Amino acid sequence: MSGAGGKRWLCAAVMAALALQWCAVRWDFNRYYLGVAVDAGINVILAVSLNLINGHTGQFSLGHAGFMAVGGYTAAKLTLVLGGGCPSWAQPALFLGGLLCGGMLAALVGLAVGLPTLRLRGDYLAIVTLGFGEIIRVVFQNSEFFGAATGLTGIPNWTHLGWTCGFAALTVYAILSVVDSTYGRGFPAVRDNEVAAAASGINPVRYKVSAFVVGAFFAGVAGGLYAHHKTVLNPTGFDFLKSIDIVVMVILGGMGRTAGVVAAAVLLTLLPELLRGFAEYRMILYALLIILLMLLRPQGLFNFGPSTRA
Amino acid sequence: MTEFAQQLLNGLALGSIYALIALGYTMVYGVLRFINFAHSDVLMLGAFAAFYLAAATPHMAAATPLLHAGMVVLGAALICAVLGALIERLAYRPLRDRPRITVLITAIGVSLLIEYTCQHPAVFGAATRSFPQLFPQHNLTLGGLTLSSNDLAVLGITALLLALLWFVVQKTKLGVAMRAVAFNPQAASLMGVDVGRIISVTFALGSALAAVAGIAYALRAPGIEPLMGVQPGIKAFIAAVLGGIGNLPGAVLGGLLLGLIETFAGGLKQLSNYRDAIAFALLIIILILRPAGLLGREQPEKV
Amino acid sequence: MLEIKDLTVRYGAVTALHGVSLSVKAGEIVTLLGANGAGKTTTLRAISGLQRAVSGTVSFEGCDITRMPPHEIVRRGLGHVPEGRMIFANLTVVENLLMGAYLLGEAQAAEQRERVFQTFPRLQERQAQVAGTLSGGEQQMLAIGRALMGRPKCLLLDEPSLGIAPLLVRAIFEKIVEINHTQGITILLVEQNANLALAVAHRGCVLETGRVVLSDDSAALRANPQVKSAYLGG
Amino acid sequence: MDGVTLRFGGLMALAGLDLRVEEGEILGLIGPNGAGTTSAFNLVTGVYAPGEGDIRLAGQSTVGLLPHELASRGIARTFQNIRLFGSLSVLDNVRVAVASRQHGGFWNALWRGRAFHAGERAAEVEAMDLLSLFGLERQSATLASGLPYGDQRRLELARAPALRPRLLLLDAPAAGMNPTEKAALAELIRFIRQKFQLAVLLVEHDMPVVMGLCERIVVLDHGVKIAEGTPAQVRVHPQVIEAYLGAEPAHA
């Protein structure tokens, strides 16, 4: 992706997203399909941002749902408090502000998770991030301000296809352009060999923490979109299973392969919908899929390039 | 004062259950260096095995209750031992030389598979069922302290199992081989030890302990359901890390400590809702400040 | 007794052994010499099954053991004292020895332990001590003693002199000769300390970057200037 | 010009070692297995901190600096077991090291303005120049993990000068090479020293390479310096021969 072309591409994608939204309203697309499409867009944001942490930088985070929860609750609370007296023309600005605030706060939490866990790697890091995710969830569960166990309800239904696709495009653009640069090669360099990276003048700490902060930011935005899509938020939606879902998307798509991860996110959103008829077996199949994937194709289903790991 | 002693007793009873589960995590980590996520589901399977075994033998329960309880516990332990070894053979052994993260994700997959399969209406179903009282119900009072016969049984069985495990690991050839494999599998294989077999035995032993812990947990809980293992499983894992993962006495110490902390935190109104968060915060603090745990030793990374 | 034919071993992109062939007859001490990285340790690891060979065969007493797992090879009477000794530092001396006799019955193990204690009285003195607290020399004795516990017919020894004070090295080499003489155990010895190794060995081979470049009687090798140049350059 | 001085002492693996690398020289650091040569290396590159003593680079103490800080101050190294970025292309392996000297990478990469493109081009040109010096320009797009062994070694050597170092530490660069490759390697090391005006500290077990390449050699055994001098002096030094071949047995 060349630089200026990348920005042009991003503008085109955002325009297309808005046009699509206009068409959706104009010709009254099927609600159900629209809902699934929004879900897919949110999952793309989550998976692509986690891919920066888990795939490109090689850290293993199992707490992405926690960042998502921070962003979701923040954005929802903001629009609930400020949205009442807000004229309809200002709604998009408020929404955008809410999403960004959610993202920022999630990024801060990402910093708080990324810094102390620098020394940890592999399964220890996985467990600690899982722990952070659970702590975030428990805090929301017990906080009266955020509706405790019942969560937040009556969140305005502002997330439509345009917002979702627009932000999905923005996420893909941002992560791709950071990674696809000489600076960004530092992420896989730290993953491939931290010792050699340091010996080559690369500061592994900066890269690892940046990955957490940037990844968490987009997860927070996704959380905000999710909140204004479902219109209700409760803590159980952000448990460890949600984190696993996102991890599976990344693995299925191939760690560090953005295109594959996007495809996997869409596929894994559609799969349960397609399997509705087999609802009883759906989750069993899902678990089997994880195991078989690890046994037979640990490099990911959509990873056709040469083996990236020696 | 009596309140404190009562809480202490409750904490020890809960902690000893955690200790039993933590031992399984720690033993598996010792030989294979990965976190067996499915361990918490073996615990659940143990409780269900006991449930069905007890239901199948009502006459015996009425005639000789203690013998019956022993039979049920032993049977469940045996079933889980086989299941644990089977899980290792089918899911983990093919991944022996792969990156640890691959094994970890597989373990999560196995855990989900067991949970969802068991939730299926044709298997156990998602609903909570009441667990039979295996031991005759009595409440012993001792100077203002109340001790239920269940708690007494849990404490007794745990103590017995810990002693037994200690004997096996310290005094038998099998135990020495287990420690040797944990320290250096290659060197152990040069002694003629079939490392694969020792790993299977380790899984079987850990799973049997988990089954007993599952039954003990079910006796204290309102009932059993396919996700019952998740909470105690995570707690026990934290206990294992707290004590120093791979370290057997550490797992017991960590389990008891965590049980006590949880019980005392639960006793305070302001903290009771944050019980789980406290356990995780503890884990994070330990891993960041002292990754090797309380009794573990740090191994420096080689360059 | 031990026949190695055309053994090739690779670690990833690196070929560590390029078709190494050598043979050891029953009752012999054969030493494998060469500088660091020449492939000595790899040869031993390939023999005892710790390292998979790409091609070539290893046969022991006429039986092909190339693809066997290590514990099967040990069962056939081939002991290996690995590089870095690999004692079980978390076990006591007696437990280490017990592991060495893993395949024997209890009575046999006890009997064998007495013999090992006769060879290494120091181990008897320290029997209850945790092995990790032994000195380097004692650890080496334990590593050899542990391998002897399995009543091997042939013993692979990887750098027994490494990191040990010179006086103890001498003592350990005397033990090696004794083991060979009195117990009739065939020995394949990897050593960096060439003069010492050639003093005890009947024959020797010199490895250079994964190939056997010299193979001769000890006496002839001692006189051969090529050995010195393999270490220090010509 | 100041000499590059390294000094450390009083460690477990190394007992009060004094070592001095002069500007522009090739110094060999050798010793039998476990003599402490790798520990010395790890001290200089900041992987370990010395228990006592001091390490100075051009007069300034480097104790307490992290490996990447040392790298950006001019200490480059290679590794005994080659450490490349396997999933990156050959070009990128060198380019990340070049780019570690650039600033403001993240926002530049995100915004992709003019400065970004200029920086990218400069890094690419510099990296390509290095690759062609080492004869790797034709493989610039292949993944590093896909290179044959000899090329991987060369790539590691090509990456080091990208830091513009004053001192290059080479850890067993000849391991696993055949005699022809070794000769080419020695030539290459001399060339690097010449071209980039740097000092080389070489740890190597392959004696012909060390003897042929180094102006001065320091021999360690059990963490103690037992000899120092030219290759010819060291080769006949009795303690060195004893350390490597063992003492002549008394009864021989």
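Scan segment C:101-108 and give yes if some residue there is in contact with a Ser or Thr (Cβ under 7 Å, 6 or more places away or on another chain) and acidic (Asp, Glu), otherwise no.
No, because not a single residue in segment C:101-108 is in contact with a Ser or Thr (Cβ under 7 Å, 6 or more places away or on another chain) and acidic (Asp, Glu).
Restricting attention to segment D:200-232, and to residues there that are under 15 Å from C:ALA35 (Cα atoms) and buried (at least 20 other Cβ atoms within 10 Å of the Cβ), which single residue is nearest to the chain's Cα centre (by Cα)?
Looking at the filtered set, the residue picked out is D:VAL203.
I'm trying to understand the selection: among the residues of segment B:231-242, which are hydrophobic (A, V, I, L, M, F, W, C) and either away from every other protein chain (no Cβ under 11 Å) or more than 11 Å from the chain's Cα centre (by Cα) (or both)?
Those that are hydrophobic (A, V, I, L, M, F, W, C) and either away from every other protein chain (no Cβ under 11 Å) or more than 11 Å from the chain's Cα centre (by Cα) (or both): B:ALA236, B:ILE238, B:ALA239, B:VAL241, B:LEU242.
Filter segment C:72-95 for residues that are outside any loop (DSSP other than H, G, I, E, B), more than 22 Å from C:GLU111 (Cβ to Cβ) and open to solvent by 10 Å² or more (accessible area, probe 1.4 Å) and give the result.
Correct list: C:GLU72 only.
Which of the residues belonging to segment C:128-157 are in a loop (DSSP other than H, G, I, E, B), within 14 Å of chain B (Cβ to nearest Cβ) and farther than 27 Å from C:GLU72 by Cβ?
C:ALA128, the sole residue that qualifies.
Given the condition of a type outside the set (A, V, I, L, M, F, W, C), closer than 29 Å to B:ALA122 by Cβ and either assigned to a helix (DSSP H, G or I) or under 16 Å from the mean Cα position of the chain (by Cα) (or both), answer yes or no: does some residue in segment A:248-264 qualify?
The answer is no, given that none of the residues of segment A:248-264 is of a type outside the set (A, V, I, L, M, F, W, C), closer than 29 Å to B:ALA122 by Cβ and either assigned to a helix (DSSP H, G or I) or under 16 Å from the mean Cα position of the chain (by Cα) (or both).
Would it be correct to say that A:ASP123 is at the interface with another protein chain (Cβ under 7 Å from one of its Cβ atoms), in contact with a Leu (Cβ under 9 Å, 6 or more places away or on another chain), in contact (Cβ under 8 Å) with a residue 12 or more places away in the chain and open to solvent by 10 Å² or more (accessible area, probe 1.4 Å)?
no
Give me the residue from segment B:169-187 that is more than 7 Å from chain C (Cβ to nearest Cβ), farther than 18 Å from B:ILE21 by Cβ and in a helix (DSSP H, G or I) and, out of that set, most open to solvent (accessible area, probe 1.4 Å).
The selected residue is B:LYS171.
From the list B:ILE87, B:ILE79, B:ILE105, which residue is at the interface with another protein chain (Cβ under 8 Å from one of its Cβ atoms) and either without any contact (Cβ under 8 Å) to a residue 60 or more places away in the chain or in a helix (DSSP H, G or I) (or both)?
Of B:ILE87, B:ILE79, B:ILE105, the one residue that is at the interface with another protein chain (Cβ under 8 Å from one of its Cβ atoms) and either without any contact (Cβ under 8 Å) to a residue 60 or more places away in the chain or in a helix (DSSP H, G or I) (or both) is B:ILE105.
I need the full set of residues from segment D:142-158 which are open to solvent by 10 Å² or more (accessible area, probe 1.4 Å), within 10 Å of chain A (Cβ to nearest Cβ) and assigned to a helix (DSSP H, G or I), in order please.
Within segment D:142-158, D:SER145, D:GLY146, D:GLN152 meet the criteria.
Taking segment A:174-197, which residues are facing another protein chain (nearest Cβ under 8 Å), more than 22 Å from the chain's Cα centre (by Cα) and open to solvent by 10 Å² or more (accessible area, probe 1.4 Å)?
A:TYR183, A:ASP192, A:ASN193, A:VAL195
Have a look at A:GLY98, A:GLY147 and point out the one that is in contact (Cβ under 8 Å) with a residue 24 or more places away in the chain, away from chain D (no Cβ under 14 Å) and within 17 Å of the chain's Cα centre (by Cα).
Testing whether each residue is in contact (Cβ under 8 Å) with a residue 24 or more places away in the chain, away from chain D (no Cβ under 14 Å) and within 17 Å of the chain's Cα centre (by Cα) leaves just A:GLY98.
In segment B:1-47, which residues are aromatic (Phe, Trp, Tyr) and either over 21 Å from B:LEU74 (Cα atoms) or more than 12 Å from the chain's Cα centre (by Cα) (or both)?
B:PHE4, B:TYR29, B:PHE34, B:PHE37
Among C:THR31, C:THR66, C:THR42, which is the only one that is within 14 Å of chain D (Cβ to nearest Cβ), open to solvent by less than 40 Å² (accessible area, probe 1.4 Å) and outside any strand (DSSP E or B)?
C:THR42 is the lone residue from the list that is within 14 Å of chain D (Cβ to nearest Cβ), open to solvent by less than 40 Å² (accessible area, probe 1.4 Å) and outside any strand (DSSP E or B).
Which one is surrounded by the most Cβ atoms within 10 Å (Cβ to Cβ) among residues in segment B:90-102 that are more than 8 Å from chain A (Cβ to nearest Cβ) and part of a helix (DSSP H, G or I)?
Checked segment B:90-102; the qualifying residue surrounded by the most Cβ atoms within 10 Å (Cβ to Cβ) is B:TYR92.
Any residue in segment D:173-184 that's outside the structural domain of D:GLU204 (by TED's automatic domain parsing): show its pairings with residues that are open to solvent by less than 40 Å² (accessible area, probe 1.4 Å) at Cβ separation under 8 Å, as long as the two are six or more apart or on different chains.
none
The values are calculated or read from the model by the stated rules, or taken from the named source; none is laboratory data. Since the structure is predicted, the reported quantities are computational estimates derived from the model, not experimental observations. Quick reminder, even Gly has a Cβ in these numbers, built from the backbone with ideal geometry, and neighbours come from all protein chains shown. All accessible areas refer to the heavy atoms of the entire protein, side chains included, with ligands and DNA or RNA removed. Shrake-Rupley method; radii C 1.70, N 1.55, O 1.52, S 1.80 Å.
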